[in-house]
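The values are calculated or read from the model by the stated rules, or taken from the named source; none is laboratory data. Source: prediction; values computed, not measured. Counting neighbours? That spans all protein chains shown, and the Cβs are built from the backbone with ideal geometry, glycine included.
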2 protein chains.
Amino acid sequence: MQQFVQPSAAHTTPMANAIRVLTMDAVEKANSGHPGLPMGMADAVSVLYERFVSVDPSMPGWPDRDRVVYSAGHGSMLVYAIHHLLGFEDMTRAELENFRQLGSRTAGHPEYGHADGIETTTGPLGQGIANAVGMALAERLEAARFPDLVDHFTYVVCGDGCLMEGISHEAIDIAGHLKLGKLIVLWDDNRITIDGPTSLSTSTDQCARFEASGWHVANVDGHDREAVAAAIEAAREDERPSMIACRTVIGFGAPTMAGSHKVHGAPLGAEEIAATRAALGWTAGPFEVPQEARRPWLAVAERGRTARAAWEARLAASSRAGTFRTARAAPDAARLRTAIAGYKRTLSADAPKLATRVASQKALEVVNRTLPNMLGGSADLTGSNNTRTTGMTSVAPGDASGDYVHYGIREHAMAAMMNGIALHGGFVPYGGTFLCFADYSRPAIRLSALMGLPVVHVMTHDSIGLGEDGPTHQPVEHLAALRAIPNLMVFRPADAVETAEAWEIAVLSPRTPSVIALSRQGLPTVRTRHTDDNRTARGAYVLRSPDRRDVTLIATGSEVEIALAAADRLAEEGIGAAVVSAPCLELFRRQDGDYRAAVLGEAPRVAVEAAVELGWERWTGDAGAFVGMSGFGASGPAADLYEHFGITPAAVAEAARAVIKGTN
Amino acid sequence: MQQFVQPSAAHTTPMANAIRVLTMDAVEKANSGHPGLPMGMADAVSVLYERFVSVDPSMPGWPDRDRVVYSAGHGSMLVYAIHHLLGFEDMTRAELENFRQLGSRTAGHPEYGHADGIETTTGPLGQGIANAVGMALAERLEAARFPDLVDHFTYVVCGDGCLMEGISHEAIDIAGHLKLGKLIVLWDDNRITIDGPTSLSTSTDQCARFEASGWHVANVDGHDREAVAAAIEAAREDERPSMIACRTVIGFGAPTMAGSHKVHGAPLGAEEIAATRAALGWTAGPFEVPQEARRPWLAVAERGRTARAAWEARLAASSRAGTFRTARAAPDAARLRTAIAGYKRTLSADAPKLATRVASQKALEVVNRTLPNMLGGSADLTGSNNTRTTGMTSVAPGDASGDYVHYGIREHAMAAMMNGIALHGGFVPYGGTFLCFADYSRPAIRLSALMGLPVVHVMTHDSIGLGEDGPTHQPVEHLAALRAIPNLMVFRPADAVETAEAWEIAVLSPRTPSVIALSRQGLPTVRTRHTDDNRTARGAYVLRSPDRRDVTLIATGSEVEIALAAADRLAEEGIGAAVVSAPCLELFRRQDGDYRAAVLGEAPRVAVEAAVELGWERWTGDAGAFVGMSGFGASGPAADLYEHFGITPAAVAEAARAVIKGTN
């Protein structure tokens, strides 16, 4: 490793010191925040912008801009200070003064959508790197389709925490494999974490680690602007993704606190701030930026404006401008609805049983044929998740013409990369794994919900119905746990019709991610009467209506068949059982009260789902009952398990009789 | 990388072929399962046992046995075949014939507790490696305390999937850092995953990657017994953890299917099985093992029996036998209960506000002083999680005398390592992170619940009450999501008293892991009257009882204070509000109906929790209401957020009035 020379303030520039001072001032005023990283990385990041980054503050959404991802989201003042200095209109001095206050754009961690130019929400460590891998992949894919219109870099600023998190391995591994050469990671190698020196918990040679995964690496003094610039220049030329280890001093510039974990996440205090100002030769008052510091930042913005204008001219002259715009626009809803309705008409009520994972593939054939920019993939379960449709070709190292990603056994990175792909634009990503492994990707699913991204998680093998693989692979709590996440739609379709409807809704929801939970085992068609309208969009609906409703059976997915069989039994006894299919409880909850009341009815209710009860109490009510799982599953053939755990027509009928009598 | 020579059947041994044939037969009979890995790794693993592994089938729980962890759990027939061949009494031929059937010991993936000698439940990839790192760490810690009694190896069999999963990075990083030299990983380098060749999704040089994290590595032909043995020998001598890349052919021995992903997870079929038998020169019938194959396995068992007997003689002669046994026994419940009751007596009702995370540290001071074998740690949030108590010393590379682990920014590995530590025995592990990052460790938390391990997850910053860090750090759905996991206790104590009680229960529950959710912000003491008995053990209880109960307010953690203030307001209006504190809904659910009815009362109910409603409907009922979060949080001071999201005494009082009137 290159010898690290302790830098002095003499090396820094007004451009970098503006970041330092604005950071100190904002954290001090908020009495909360993380000054260490912005102060430490100010030199490296300011030279990155000064020489390389192409963004236009007057058009933050310019598609061909460079992406800068602040994976170490606690250093949010780095983003806010830079955007303020670049002249982003919404990043005013008042916003900096309101850092971390309710309603400000300057949240504790950078929040996508809160202010222009924030490329992704970060804070949970490691996510940003994986988002960036997704963005860099999307850039390569889009560039393969529109070489004259797409050619930009994805830069990442990350810290030690990002590189300790497991997701970083998944992201680095696949980025190296796919040779995402326009991805450049700047690692803030400050050797400090919250507990103290990194030597408390790690000895990994990060450069060797990245090299092992096919990355180009460099080691530089992170306060030496020319060294950083040369490393970035070399990284841009290399066909591999690049990692530049920037050896820095955390909180650089603070005379007594720099280099200590104490400067990581707490205000410096008035005295240290004054001393830092003196050391940096900074005479301006709080939140003030002298012209000499602002000027070079505005030059960056001006360069970006020029580049953007040139790009717009290219777009205007391009014969493929329309195609490019279509690929980046919302999917053609009318066209997809027509296609799905047509497909639904072909589904026969007396078709043989079909697993909804297979039905999902059939629906996807329609979706992928209809929409131009679907990007499929699976975490190494392609044949099980049924995510690959006719004519799809694999994305491969050096060949970005494909539309199917082999994400490898990396559920977490897949979900986070899909977030990055959606953020980048140009593609609608979906990816498959087993529902049980939603747990592995959960931190990234949460962020897709928080950001409101149109990502579709295909999750097959959705209950004990998967059979012999046993409890480690059988989700019982996952539906409840996913339903708990705000702004996430959890679909559990009962048959091929509902599966197609779920896909239609998922793909046409621009601000809400979806999980589509699908069965491994075969299921009959339960929606025997065709409707052009999407009944799944109501969340729940009456599938079978008896003359007199003595009880209502509510079920999802594979248990709708069981509820129908239970209703048959009850009918033989003269008991009228309505059957409600509830493929998406989140959508049902959004319906008006009259609709909900009509579906739920006045009679007592029994819910059936091969999962835990948590959350069902809302729908069954005080007089109701639940038939499902109360603990983990077991290994055995699916039919044996349903019998063993008592999720059968007989058990549902028995529960129905009990709620009717009030003896449950 | 060493040149790989395609081996022929001539290299294999009856010892290894017995594994192959039993695997084929069991998978065929079950018509389900994964023959590829057991057949591919049969040579390497059989030589591992033949020359090195020290286990005694007649005493599977012998503390100083070598641990063998099958991280690639889908290769479960490897375990079952080996245990059958070693003569484990409960692994009969009938069990092999009932592979993957309901009620058998031979579940689809190895399940801890289902059969003797299964060291951990595996299947979700990457978990086993991290469990093994925990076991190897526990071994080093225990050996430092009892050098004459503890000295064993931890072996791991893993596949490509384990090494692609992010958790593997976390585990490898910390194992290398801590120089866990008695950890030896055998990687089944078969270059095949479910989707096809590994070249579809990875290019990582695994050996270089492990070396970058301070491991000793070797590359061998996995079918060359002598090469494997020599590598294991060298690994045992090296002071670093070791990874041996065993280049193998998946499904080795099957004439037409070996080397293809088709042999990974499906039966071979009668024809291929017959051809394999012929190729291996195996004439015995299904599930039959000839003496020449059984004999060397029984010799391994005999060697283990001898080693175990010698160890028992050492234990009998050791002056520290009693201490050793105490450390491995269940914690002294009576002693801890007395200590906690004594501590509770010192808590004053009029003490200043105290965050429950700080109260947790105070309770831990008592626990750690009272019990000899607590092992603390945090995922780099020691000062925030308050997990380190007086006198604790850090575990460091080459120094295992400490009792506090700096797990690094590795929530997932921390949780999985704690599972391994608990499985190894000798220590009660607890580890801290933020509640929001329960998502990162969730797959391992699930396994702790499935296995029933006494692991304590300390999770601080448990709501919007953490303030400025914003929605990425504010759990809103995590309490519900954790409550959905079977056999997990989720504690959310309201004050220092309940916090101490939660710790007492958590540490004394041998078969149930716990999450203790703790506040960042200060909270008053709400349990103003001392009781020696542990009221938290009832899950919920009446904290304040009015003369006439017009409404019941149920709250947890930091919202109990709000419920009490609401009750005060209501009292001023002549409305009698009972306040129920519900620190653990799982325990409350287990109470008898009379107790639950008495606590919940006849009056309408309002629940208050700064989290999503999901699951609360069970306790509020049709006539009730909920005051909490309906979406993600925001960045701002905690008090502003509670006001903004309407979780206030005024809002609770308003909801109470509404439920009393029936207008909610």
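Data table
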quantity: Candidates A:Leu600, A:Leu570 - the one that is modelled with pLDDT of 95 or more and either under 37 Å from the mean Cα position of the chain (by Cα) or under 24 Å from B:Ala449 (Cβ atoms) (or both); calculated: A:Leu600
quantity: Where B:Thr12 falls short, out of the listed (1) in contact with a strand residue (DSSP E or B) (Cβ under 9 Å, 6 or more places away or on another chain); (2) more than 21 Å from B:Met451 (Cβ to Cβ); (3) of a type in the set (Val, Ile, Thr); calculated: (1)
quantity: Filtered residues of the stretch A:536-566 (kept if in a helix (DSSP H, G or I) and in contact (Cβ under 8 Å) with a residue 40 or more places away in the chain); calculated: A:Thr536, A:Ala537, A:Arg538, A:Glu559, A:Val560, A:Glu561, A:Ile562, A:Ala563, A:Ala565, A:Ala566
quantity: A:Val395 of a type in the set (Val, Ile, Thr) and either on the phi > 0 side of the Ramachandran plot or under 23 Å from the mean Cα position of the chain (by Cα) (or both); calculated: yes
quantity: A:Ile445 within 15 Å of the chain's Cα centre (by Cα) and either part of a loop (DSSP other than H, G, I, E, B) or within 12 Å of another protein chain (Cβ to nearest Cβ) (or both); calculated: yes
quantity: In the stretch A:632-664, residue nearest to A:Ala563 (Cα to Cα) [restricted to those that are away from chain B (no Cβ under 13 Å), part of a helix (DSSP H, G or I) and without any contact (Cβ under 8 Å) to a residue 12 or more places away in the chain]; calculated: A:Glu654
quantity: Any hit, the stretch A:587-609, residues being within 14 Å of chain B (Cβ to nearest Cβ), under 30 Å from B:Pro110 (Cβ atoms), crowded, with 19+ Cβ neighbours inside 10 Å and in contact (Cβ under 8 Å) with a residue 12 or more places away in the chain; calculated: yes
quantity: Residues located in the stretch B:593-628, provided they are of a type in the set (Asp, Glu) and part of a loop (DSSP other than H, G, I, E, B); calculated: B:Glu602, B:Glu609, B:Glu613, B:Asp622
quantity: Filter result for A:Ala144 (more than 10 Å from chain B (Cβ to nearest Cβ), part of a helix (DSSP H, G or I) and more than 22 Å from the chain's Cα centre (by Cα)); calculated: yes
quantity: Residues of the stretch B:192-210 satisfying the condition of being assigned to a helix (DSSP H, G or I), free of Cβ contacts under 8 Å to residues at least 24 places away in the same chain and at the interface with chain A (Cβ under 7 Å from one of its Cβ atoms); calculated: B:Leu200, B:Ala208
quantity: Tabulated pairs, the stretch B:379-402, first within 19 Å of A:Ile194 (Cβ to Cβ) and within 11 Å of another protein chain (Cβ to nearest Cβ), second part of a helix (DSSP H, G or I) and polar (S, T, N, Q), C-beta under 7 angstrom, 6+ apart or interchain; calculated: B:Arg388/B:Thr382
quantity: Residue satisfying condition, being facing chain A (nearest Cβ under 9 Å), assigned to a helix (DSSP H, G or I) and at pLDDT 95 or above, within set B:Gly161, B:Gly123, B:Gly128, B:Gly108; calculated: B:Gly161
quantity: Subset of the stretch A:248-272 that is part of a loop (DSSP other than H, G, I, E, B) and among the β-branched types (Val, Ile, Thr) - its residue that is surrounded by the fewest Cβ atoms within 10 Å (Cβ to Cβ); calculated: A:Thr256
quantity: Qualifying positions in the stretch A:61-81 - in a helix (DSSP H, G or I) and out of contact with any Pro (no Cβ under 9 Å at 6 or more places or on another chain); calculated: A:His74
quantity: Unique match (being out of contact with any Phe, Trp or Tyr (no Cβ under 8 Å at 6 or more places or on another chain), assigned to a helix (DSSP H, G or I) and surrounded by 24 or more Cβ atoms within 10 Å (Cβ to Cβ)) among B:Val490, B:Val497; calculated: B:Val497
quantity: Some residue of the stretch B:523-536 being more than 30 Å from B:Ile660 (Cβ to Cβ) and either crowded, with 18+ Cβ neighbours inside 10 Å or within 14 Å of chain A (Cβ to nearest Cβ) (or both); calculated: yes
quantity: Among the residues listed as A:Ala582, A:Ala634, A:Ala563, the single one being hydrophobic (A, V, I, L, M, F, W, C), surrounded by 24 or more Cβ atoms within 10 Å (Cβ to Cβ) and under 34 Å from the mean Cα position of the chain (by Cα); calculated: A:Ala582
quantity: Of the criteria (1) surrounded by fewer than 22 Cβ atoms within 10 Å (Cβ to Cβ); (2) within 8 Å of another protein chain (Cβ to nearest Cβ); (3) within 26 Å of A:Asn385 (Cβ to Cβ), which one B:His169 fails; calculated: (1)
quantity: Selection count, the stretch B:621-631, where residues are facing chain A (nearest Cβ under 7 Å) and crowded, with 20+ Cβ neighbours inside 10 Å; calculated: 0
quantity: Number of the exception - B:Ala275 against (1) outside any loop (DSSP other than H, G, I, E, B); (2) within 19 Å of B:Val156 (Cα to Cα); calculated: (2)
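One line per residue, one yes/no per condition, for (1) part of a loop (DSSP other than H, G, I, E, B); (2) crowded, with 24+ Cβ neighbours inside 10 Å; (3) within 14 Å of chain A (Cβ to nearest Cβ):
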| position | (1), (2), (3) |
| --- | --- |
| B:Pro454 | yes, no, no |
| B:Asp462 | yes, yes, no |
| B:Gly465 | no, no, yes |
| B:Glu501 | no, yes, no |
